[in-house]
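Asker: I'd like to ask some things about the structure below.
The values are calculated or read from the model by the stated rules, or taken from the named source; none is laboratory data. From a predicted model like this one, the values you see are computed outputs, not experimental measurements. Cβ: placed from backbone, ideal geometry, glycine included. Neighbour counts: every protein chain shown. Note: accessible area is taken over every heavy atom of the protein model, side chains too, but ligands, DNA and RNA are not part of it. Shrake-Rupley method; radii C 1.70, N 1.55, O 1.52, S 1.80 Å.
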Amino acid sequence: MATVASPIAKSVAGGSFLIENRTPAEVFTPEDFSEEQRQIAETTSQFAANEVLPAADQLEAKNFEVTRSLLKKAGDLGLMAVDIPEEYGGLAMNKTTSAIVADRLSIYASFSVAFSAHVGIGTLPIVWYGTDEQKKKFLPKLATGEWIGAYALSEATSGSDAMNIRTRAELAADGKHYVLNGEKMWITNAGFADLFTVFAKIDGEKFSAFLIERGTPGLSIGAEEHKLGIRGSSTCPLILSDCKVPVENLLGEAGKGHHIAFNILNIGRFKLGAACLGGARNSLTNGIRYAKERKAFGKSIVDFGLVQEKIADSAIGVFVGESMAYRTVGMIDHALAAIEGDAAHSSREIQKRVEEYAVECSILKVWGSEMLDMVVDHMVQIYAGYGYVEEYPAERAYRDSRINRIFEGTNEINRLIITGWLMKRAMTGQLALMPAIAKLMEEVMAPPSFDDPNALDEPLVNEVGLLASAKKIALFTAGAASQKYMAALVDQQEVMGELADILIQVYSFESALLRAQKLSASSSTSAALAQAMVKVHAEHCFSAIETAARRVLAAVAEGDMLRTRLAIFRRLSKHTPVNTIELNRVVARAMIEAGRYSL
Amino acid sequence: MKILVCIKQVPQKDAPLKLNEAGTWIREDVSYEVNEPDAYALEEALRQKEKHGGEVVVITAGPTRSQQVLREALAKGADRAIHLEDDRFGALESTNTARAIAAAIEGEKFDLVVTGLQSDDYGAAQTGVLLAEILGWPHATIIIGIEKTDSGVHLKRELEAGHYQFIDMPLPAVLTIQSGINKLRYATLIGIKQAKMKPMRKVSYGEVEAKLSKNLQRIERLYVPVKQKKTEMLEGTPPEVAKKLVEHLRNTVRVI
Amino acid sequence: MADCILVVAEHREGKLNRASFETIAGAQAISKETGWAVEVVVVGEGLDAVIAELATKIVSRVYAIEAAALAAYTSDAYVYALKNFVSTKQPKLVLFPHTYQVRDFAPRLALALDRTLISDAIGYKFESGKLLFSRQMFQGKFAADVSFAGDPPWLVTFQIGAFRGDLAEPGSAPTEKVTAAVAEGAPRVTPHEVFQEAKQAVDLSQAAIIIAVGRGIKEQKNVAIAENLAAALGGELAASRPICDNGWLPLERQVGSSGQTVAPKLYIAIGISGAIQHIVGMKGARTIVAINKDAEAPIFEIADIGVVGNLFDIVPALTAEIVKVKAGT
């Protein structure tokens, strides 16, 4: 499966970040990219900057001929072949490489969306679930961009609740065709795609996927939607009216379509997390450039603290996002690389191993999309009036970012997945969450320990301690919530959401910290900058965790119980804040000097 | 045609450079990339090979990090690479760099050597010409067109002020290439993947040391240039700036 | 033999390259510090007019190395002839203008003499009896002082514009013709006629006002912004190389080392960062105005008046102001 050996040493269980401690050597970071991956990043960046970005105006005007020609160029470069096996015209590279491409290509969102839909939901279902004939027929064309793929799951009345689709398939009397009827909504690439993976229920029951070529009688494409953002991408409804699909175009098993739908989403989620990075870096570059140019009160606005704070905030967002994204994809690659022999081609095996990291994938999706929203918002603010008009780049980036919190599962759905999935694993004993909570309760009931955590000789000792406290607060709060609601916790969406926020913060904090520690160990000159970013991020995470925890604790108990818990909580959350104002300035100055995000 | 392309790794164009503490060189903790004119030389070599067949070999001299530009060249389609690998190669003047390259390719029979017209760091614009002298081959500089003929190559040289000249010369020869002669290609992913399998020969300093001589020029100090002219910077909103500027044009420059 | 500085002058088809006077000016300045005599040599055929012109400056002697084989430039013949001349003469310094032609043969000449060449120097320093030559490094971000570590003759090329040719001190010098050493055997390189692709319908060198645009203009359609300003001021439109490479303006409007060299009264550089290749073509302008969004752009190093900001706001405002003022007077 993977052609590059993963540099991380250990396989870890999904979700285990909450109860286990990782060492820097155990996580994959952007600094661990192979020479090959670095070159692929460079090719992709150059392609995006030199070919895609200059065509943005044409794409925004929905000139899809230009889109297709750019997609073809991307195909010629091999960017679409990363996830496809070699025997079907692909490059069979690992998921890290695939994430790198998504990351670097995303400086212009509309093209990024078209590309991602093609290589992800448009192609992967066939890679994983296609028969040999289906793969031979479709993958070589999809690998080069000769054909473009699309994926049709959502309907007017079923989005997040995908299983509720109404589109029906009936086996025709001749036994050679399925006849599909229904209407799909929000289909990315629909305006120009050649191949659609369409979900329908056979006889209204068996949830299944079908491969439908453009031009198939009974398949028609509706009008383009007029969207808030990503206007350069194509989004149309799909109308199936007695659409005759050959039986050999059934993808996977009849009635097992939900495997395809949900698994593809996991990949989609970590890719989306990665794809938010390129957009954020590009916005930051624009913002820094403008802030340097723009004068107010006799100086460049880049010299003002509140502008620098936005620059630092955004840069830290990119740093943390990179840390989380590549850590996660590193774990996935490690797990996939460990598959032995023929099992390497078994979709079930791959699916199982990717699904293992469902929590991390959802975290990436939520965190990445919200980080990008924060960055583009900062940029509009730096541009001020000019940020609100179309002639400057902040406005489009601001509109384009918003969709990320909606597609690939809304951030609300993903928050429920994060908490729900972890709790389910805890309940079934797959993840030793309950013992960890019990152990923590013992610890907090005992008299305070006077072990000095600062005895560690390491520049981020304060943050190491803070992370340990953060994890304890997470366990403590989760324990309190599950004690009150037990299995009925799933009905308490607000509590689930707050717990998800705590988990997201813990994962982001730990990922950034481990990366900074790994950088320190290699005595790189970027180490100091990474440390400054982690220190700021640590404070930010910790405050967010405190707020969420306090809200949950207050919701699940009252009176003495609440008072006792708050006393414990105060002990766990005790710490002396660092000077994030000064650290932010250090971070901002480094970015301003480089003129872009730079580590 | 068997073509050698001499390439160099230089600090990235937009990299903010800082002097080292001794003021003798820049701080090395910057990002590097291939010297732009060399990238055009490589592209031209690849195009010639695609037209006429043969082999493209890339060579560089420098520390371990400079291997990056060789890998990129291999990914773009060069067949193999030679790395004169040592920190000390960076401190050689052009003459000795050319000698080191000549020593490293001894026994290889190249038809053509191409390189960029100058480097973005030293900017001496000499190595290619000196290599020709050492090899005893004819050369031409600032080339913007190469056409293979029966007897050698038909070249278009750029001269100053919009002048050009065609020249013919036999092979083997050394050419220095002007930026913009062609459109650079991207390294494709398949190219990047295959590059790992391509041969890379390392040549140590010791192997060529005997062919080098003492540097005959020495950089005494490196510094941020002192500005010669006093520039008056105008500030304000665009209309304010326009007003100030027009005053200047009227009263000082007297063109209005 | 007295110590001397030998200036290698340049001509194209019997027409002296004015940059030769800049190098002579540089040699005269060094001569004042070192006491070394300045001599000039030029290589070619039928050089009477060229040496006569060179002899109008304060130099000790002007040599013409002539031979039929030197009629058209080839590096082989030039190196051969000059190697012989310099070996015999043994000057302390050999100075050249850093022209395309010099770049083509001077390194080879240095090595043939078993010497080294400091190329593209922008000045010299004479410090406690030692000559240092300053040159730009890292595309002008830094400068370096470079010394010779070996024996003379020391070879140096001076960047165009490093010295002012019009300040070369006038005088009257004896001239001498030297028969060139010519290599035996057939020449390896066949040079053809020098030609121009763009017909020079516009002679920017005579323009009093030039409005030049660079990469910062971003798109071809934006060139109109500069065109409007040129119209308002009654100036000529010019560009840096990337603009002409893109075909946004014809090659004949290109200013810089591969385009025209200009010296107008007013040069307004719009969105031009100031790559050295451009600067050598326009730094002789009386007044340089630079409008660029990057405060660090090298163009501000040579500008008399600088505006840091968005050219798309500033240039139209400037045009409007000029139109207004002109209408008012």
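Asker: Whose amide H sits under 5 Å from the amide H of residue B:202, counting only residues 5 or more places off or on another chain, with H placed in the peptide plane?
Answerer: B:83
Asker: So which residue, out of C:91, C:250, C:191, gets the largest mean-square fluctuation from a GNM of chain C using Cα contacts under 10 Å as springs?
Answerer: C:191
Asker: How many nm separate the modelled label positions at residue C:172 and residue A:46, each set 7 Å beyond the Cα in the direction of the Cβ?
Answerer: 6.2 nm
Asker: Here is a further query. So what is the relative contact order for the stretch C:4-179, in percent, with contacts set as C-alpha pairs under 8 Å and at least six apart? Please list the in-between numbers first.
Answerer: Details: 376 pairs, mean separation 54.4, N = 176.
The normalised contact order for the stretch C:4-179 reaches 31 percent.
Asker: Starting from the Cα of residue A:172, step 7 Å along the direction of its Cβ; do the same at residue A:567; then give the gap between the two resulting points in nm.
Answerer: Label at residue A:172, label at residue A:567, 7.6 nm between them.
Asker: Where Rh is the Kirkwood radius over the Cα pairs of the stretch C:149-211, the temperature 4 °C and the viscosity 1.567 mPa s, what D in µm²/s does Stokes-Einstein return?
Answerer: Working: Rh = 18.8 Å.
It comes out at roughly 69 µm²/s.
Asker: Mind jotting down the three principal axis lengths of chain A based on Cα atoms? Whole angstrom, largest first.
Answerer: Answer, in whole Å and largest first: 79, 61, 45 Å.
Asker: Kirkwood Rh over Cα pairs of chain B into Stokes-Einstein at 4 °C, 1.567 mPa s: D in µm²/s?
Answerer: Values: Rh = 20.3 Å.
The calculation lands on 64 µm²/s.
Asker: To the nearest 10 square angstrom, how much accessible area does residue B:213 have with a 1.4 angstrom probe?
Answerer: Roll a 1.4 Å probe over it and residue B:213 shows about 60 Å².
Asker: I'd like the mean, over residues of C:283-293, of how many other protein chain beta carbons sit within 10 Å of each residue's own Cβ. Kindly include the intermediate steps, with their values, before the conclusion.
Answerer: Working: counts 2, 0, 0, 2, 6, 2, 7, 2, 3, 1, 5.
Shielding by partners across C:283-293 averages 3.
Asker: Here's a follow-up. Quick one: accessible area per residue over the stretch A:16-147, 1.4 Å probe, rounded to a whole number of Å²?
Answerer: Result: 31 Å² of accessible area for each residue.
Asker: Within a Cβ distance under 11 Å of residue A:129, other residues only, what is the Lys/Arg minus Asp/Glu net charge? Present the calculation step by step, with values, prior to reporting the outcome.
Answerer: Details: positive: A:135, A:256, A:348; negative: A:253.
Charge balance near residue A:129 sits at +2.
Asker: Checking an interface number: how much accessible area is buried between B and A, summed over both chains, with a 1.4 Å probe, in Å² rounded to 100?
Answerer: Details: alone 15240 and 24490 Å², together 37920 Å².
Accessible area lost upon association: around 1800 Å².
Asker: Over 24 Å between C-alpha atoms is what I'm after, so list which of B:156/C:283; C:218/C:326; A:176/A:201; A:206/A:227; A:72/A:206; B:156/B:196 land there.
Answerer: On the way: B:156/C:283 28 Å; C:218/C:326 29 Å; A:176/A:201 17 Å; A:206/A:227 33 Å; A:72/A:206 36 Å; B:156/B:196 35 Å.
The answer is B:156/C:283; C:218/C:326; A:206/A:227; A:72/A:206; B:156/B:196.
Asker: Okay, next question. For chain A, what's the relative contact order in percent, using C-alpha pairs closer than 8 Å and at least 6 residues apart? Don't skip to the end; give the middle numbers.
Answerer: Numbers: 1047 pairs, mean separation 91.7, N = 599.
Computed value for chain A: 15 percent relative contact order.
Asker: Please give the residues from the stretch B:1-50 for which the solvent-accessible area of heavy atoms, probe 1.4 Å, is smaller by at least 50 Å² with all protein chains in place than with the chain isolated.
Answerer: B:16, B:17
Asker: What is the packing order of peptides A:528-534, A:410-416, A:170-176, taking the mean over residues of other C-beta atoms within 10 Å and listing the highest first? Present the calculation step by step, with values, prior to reporting the outcome.
Answerer: On the way: A:528-534: 23.1, A:410-416: 19.7, A:170-176: 11.3.
Answer by packing, highest mean first, reads A:528-534, A:410-416, A:170-176.
Asker: Have a look at the DSSP beta bridges in the protein assembly as shown and tell me what percent are antiparallel, nearest 5.
Answerer: Working: 71 of 154 bridges.
Antiparallel bridges make up about 45 percent of those DSSP assigns within the protein assembly as shown.
Asker: Which residues does the label zone of residue B:210 cover in the stretch B:70-109, counting backbone N under 18 Å from a point 7 Å along Cα→Cβ?
Answerer: Output list for this probe position: B:99-108.
Asker: In Å³ and rounded to a whole number, note down the convex hull volume per residue for the Cα atoms of the stretch B:1-141. Before the final figure, lay out the partial values.
Answerer: Values: hull volume 14.6 nm³, N = 141.
Considering the Cα atoms of the stretch B:1-141, their hull volume per residue is 104 Å³.
Asker: Right, something else. Specify the angular offset, from 0 to 90 degrees and rounded to the nearest 10, of the alpha carbon long axis of helix C:311-328 from the longest principal axis of the alpha carbons in chain C.
Answerer: So the helix axis and the longest Cα principal axis differ by about 80 degrees.
Asker: May I ask you to derive the relative contact order of the stretch A:131-251, considering only C-alpha pairs under 8 Å and at least 6 residues apart, and to give it as an integer percent? Write down the numbers at each step before the final one.
Answerer: Working: 260 pairs, mean separation 33.9, N = 121.
After rounding, I find 28 percent.
Asker: Let me ask another. Over all alpha-carbon pairs of the stretch C:4-179, lay out the pair-distance distribution in 5 Å bins, whole %, shortest bin first.
Answerer: Calculated over all Cα pairs of the stretch C:4-179, the distribution is 2, 9, 19, 23, 22, 15, 7, 3, 0 percent.
Asker: Which value results for Rg/Rh of the stretch C:38-78 when Rg is the Cα radius of gyration and Rh the Kirkwood radius based on the inverse mean 1/r? Could the numbers behind the result be given before it?
Answerer: Values: Rg = 10.8 Å, Rh = 10.7 Å.
Radius of gyration over Kirkwood radius for the stretch C:38-78 works out to 1.01.
Asker: Now a separate question. Which value in Å does the Kirkwood hydrodynamic radius of the stretch B:170-256 take, with 1/r averaged over all unlike C-alpha pairs and then inverted? Before the final figure, lay out the partial values.
Answerer: Details: mean 1/r = 0.0460 Å⁻¹.
The answer is 21.7 Å.
Asker: Compute the distance in nm between two label points, each set 7 Å from the Cα along the Cα-to-Cβ direction, one at residue C:205 and one at residue C:127.
Answerer: Here the modelled spin labels are 3.8 nm apart.
Asker: Here's another thing I want to ask about it. Which is farthest toward the positive dipole end of the protein assembly as shown among C:67, A:496, A:53, measuring Cα position about the Cα centre, with Cβ charges +1 (Lys, Arg) and -1 (Asp, Glu)?
Answerer: Selected residue: A:496.
Asker: Just to confirm my numbers, what's the Cα centroid distance between the stretch A:304-326 and the stretch C:237-260 in Å?
Answerer: So the two Cα centres are separated by 41 Å.
Asker: Report, to two decimal places, the Cα Rg of the stretch A:413-594 normalised by 2.2 N^0.38 Å (N = number of residues).
Answerer: Working: Rg = 17.7 Å, N = 182, 2.2 N^0.38 = 15.9 Å.
Normalised Rg, Cα atoms only: 1.12.
Asker: Rg and Dmax of chain C, using alpha carbons, in Å: what are they?
Answerer: Rg then Dmax for chain C, in Å: 21.9, 73.
Asker: Hey, another quick one. Can you sort A:501, A:203 by solvent-accessible area, 1.4 Å probe, largest first?
Answerer: Numbers: A:501 50, A:203 80 Å².
My answer, sorted largest first, is A:203, A:501.
Asker: State in Å² the accessible area per residue of the stretch A:151-257; use a 1.4 Å probe, count heavy atoms of protein chains only, and round to the nearest integer. Walk me through the numbers before you get to the answer.
Answerer: Working: 4410 Å² over 107 residues.
Roughly 41 Å² per residue, with all protein chains present.
Asker: Please report the carbon-and-sulfur percent of the accessible area for the protein assembly as shown; probe 1.4 Å, protein heavy atoms only, DNA, RNA and ligands left out.
Answerer: 52 percent
Asker: What are the ³J(HN,Hα) couplings of the stretch A:177-186, residue after residue, when phi is run through the Karplus curve with 6.51, -1.76, 1.60 and θ = phi - 60°? Round to Hz, x for glycine and proline.
Answerer: 9, 9, 10, 9, 9, x, 9, 9, 10, 6
Asker: Might you tell me the accessible area per residue for the stretch A:413-594, computed with a 1.4 Å probe and given in Å²? Walk me through the numbers before you get to the answer.
Answerer: Values: 8440 Å² over 182 residues.
Ligands and nucleic acids excluded, the result is 46 Å² per residue.
Asker: Moving to a separate point now. Kindly state, as a whole number, the per residue volume in cubic angstrom of the convex hull around the alpha carbon atoms of the stretch A:16-147.
Answerer: Working: hull volume 17.1 nm³, N = 132.
Hull volume normalised by residue count: 130 Å³.
Asker: Which value, to two decimals, describes the C-alpha radius of gyration of the stretch A:258-404 once divided by 2.2 N^0.38 Å? Intermediate results must be reported in sequence, preceding the final value.
Answerer: Values: Rg = 19.2 Å, N = 147, 2.2 N^0.38 = 14.7 Å.
My calculation over the Cα atoms of the stretch A:258-404 gives 1.31.
Asker: When Rg is the radius of gyration of the Cα atoms in the protein assembly as shown and Rh is its Kirkwood radius, what does Rg/Rh come to? Provide the component values of the computation, followed by the final result.
Answerer: Working: Rg = 34.3 Å, Rh = 33.5 Å.
Rg divided by Rh gives 1.02.
Asker: OK, next. What FRET efficiency comes out for the pair residue C:327/residue C:265, r = Cβ-Cβ distance, R0 = 25 Å, nearest 0.05?
Answerer: Values: r = 22 Å, r/R0 = 0.89.
Using R0 = 25 Å, I get an efficiency of 0.65.
Asker: Next question. Nearest 100 Å², what total accessible surface is buried between chain B and chain C (probe 1.4 Å)?
Answerer: On the way: alone 15240 and 16570 Å², together 24490 Å².
Chains B and C together bury approximately 7300 Å².
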